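Beneath this line is the structure, given in structure tokens, with notes to follow.
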Amino acid sequence: MKNIFKYTLLIAGMTSLPAMAHISYSGRDFGTFDGTIGQTNTISYNSATGNFGWIDGTDADWGDSHKVRPYDFHLTNAADVRITFQAQVFTPVPTAAAPNPVPVQGGINPGFSLYEGLAHRPPALLDHDFGAGSTAIRDAVGGVGMTEGSFRAQHDWSITNDNNDPPSVFTYIGSAYDGTGINYGTGLIAGADGVADHMVSKTFHLATGDYSIFVGGTDYANQNVFPQLQYGISGTVAVVPEPETYTMLLAGLGLMGAIVRRRNEPDSI
Ligand SMILES: [Ca+2]
Ligand SMILES: [Ca+2]
Ligand SMILES: [Ca+2]
């Protein structure tokens, strides 16, 4: 009986702990947008472990998806979509397991990557980096034992679950990060927004489809800082006018101005 009790505890621990680390969109689905300009959704009170998860996925040994936060959204029509992430300080809601939660840090310099494609979602098992299937995918593409995780910040990547379901495929669309250009020794990493204000925003023209966003920090040296703190994140997805619409709007306003001026001019004889 004693051993069965221990086993139960062990299994309970195994099922609850890794679930936190697997790729889950739970509470981070921005929802479905039909492309109407002005549609927007903000998701606050999330965090990433450490301030380096995104930038660590730009290097030769890839990155650990446990250090970035996954989000998803869905487009039922083509649209221009503006994606914004910024630092947020907050104190998590107390739970029985953590009655006195530590306040989540501000100060992340966020970076994010946008992909077409989704991770497995319930009732399928959730994806994670270190199952046999995910390891095999990594070894086949990145070299046996040469990668530290499945996450690639500026390339396509794949991952699967412990059921070895057909891999989730993330097809890279683009990325952006907060601050001036980063070079940790392999050349300038593309996508800096030029202003280190703990916020990054970029607009993408997207087709109908399912999209995933992975967000994390951009301080490459922070991966060697312990303990690894939680850095708060707030994110927004918004449907915005296409650039051509702005141009037409401005041209229209210019025309209106000309008409108004003509009307206000005294009649010529
Ligand atoms: Ca890395
Ligand atoms: Ca690393
Ligand atoms: Ca910025």
Exception for T8 within (1) at pLDDT 95 or above; (2) more than 26 Å from H120 (Cβ to Cβ); (3) surrounded by 10 or more Cβ atoms within 10 Å (Cβ to Cβ) falls at (1)
Of the residues in the range 182-232, how many are of a type in the set (G, A, S), within 16 Å of ligand 3 (Cβ to nearest atom) and assigned to a loop (DSSP other than H, G, I, E, B)? 4
Leading residue by the ranking (farthest from ligand 1 (Cβ to nearest atom)) among those in the range 119-161 that are hydroxyl-bearing (S, T, Y) and in contact with a helix residue (DSSP H, G or I) (Cβ under 6 Å, 6 or more places away or on another chain): T160
From N51, N46, which residue is at pLDDT 95 or above and more than 16 Å from ligand 2 (Cβ to nearest atom)? N46
Please verify whether the range 147-154 includes one or more residues that are modelled with pLDDT of 95 or more, closer than 30 Å to H205 by Cβ and hydroxyl-bearing (S, T, Y). yes
Pairs where the first residue, in the range 92-105, is over 17 Å from N46 (Cα atoms) and the second is surrounded by 10 or more Cβ atoms within 10 Å (Cβ to Cβ) and not charged (D, E, K, R), C-beta under 8 Å, 6+ apart: N100/P94
Counted residues, the range 37-49 - those being within 16 Å of ligand 1 (Cβ to nearest atom) and part of a loop (DSSP other than H, G, I, E, B): 0
Is there a residue in the range 149-167 that is of a type in the set (S, T, Y) and more than 17 Å from H66 (Cβ to Cβ)? no
Is it true that T208 is more than 16 Å from ligand 1 (Cβ to nearest atom), surrounded by fewer than 17 Cβ atoms within 10 Å (Cβ to Cβ) and either at pLDDT 95 or above or farther than 25 Å from D80 by Cα (or both)? yes
Suppose we filter G149, G179 for residues that are more than 16 Å from ligand 2 (Cβ to nearest atom), in a loop (DSSP other than H, G, I, E, B) and of a type in the set (G, A, S); which single one remains? G179
Verdict on D59 being touching a Leu at 6+ places or on another chain (Cβ under 9 Å), among the acidic types (D, E) and modelled with pLDDT of 95 or more: no
Any chance N164 is under 30 Å from I37 (Cα atoms), touching a Gly at 6+ places or on another chain (Cβ under 8 Å), of a type outside the set (F, W, Y) and part of a loop (DSSP other than H, G, I, E, B): no
The one condition in (1) within 16 Å of ligand 3 (Cβ to nearest atom); (2) crowded, with 19+ Cβ neighbours inside 10 Å that S168 fails to fulfil: (1)
How many of the residues in the range 208-240 are more than 16 Å from ligand 2 (Cβ to nearest atom) and acidic (D, E)? 1
Which one is nearest to ligand 1 (Cβ to nearest atom) among residues in the range 50-88 that are among the hydroxyl-bearing types (S, T, Y) and crowded, with 23+ Cβ neighbours inside 10 Å? T58
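The values are calculated or read from the model by the stated rules, or taken from the named source; none is laboratory data. Since we're looking at a predicted model, the values are computed, not measured. With ideal geometry, Cβ positions are generated from the backbone for all residues, glycine too; neighbour counts draw on all protein chains shown.
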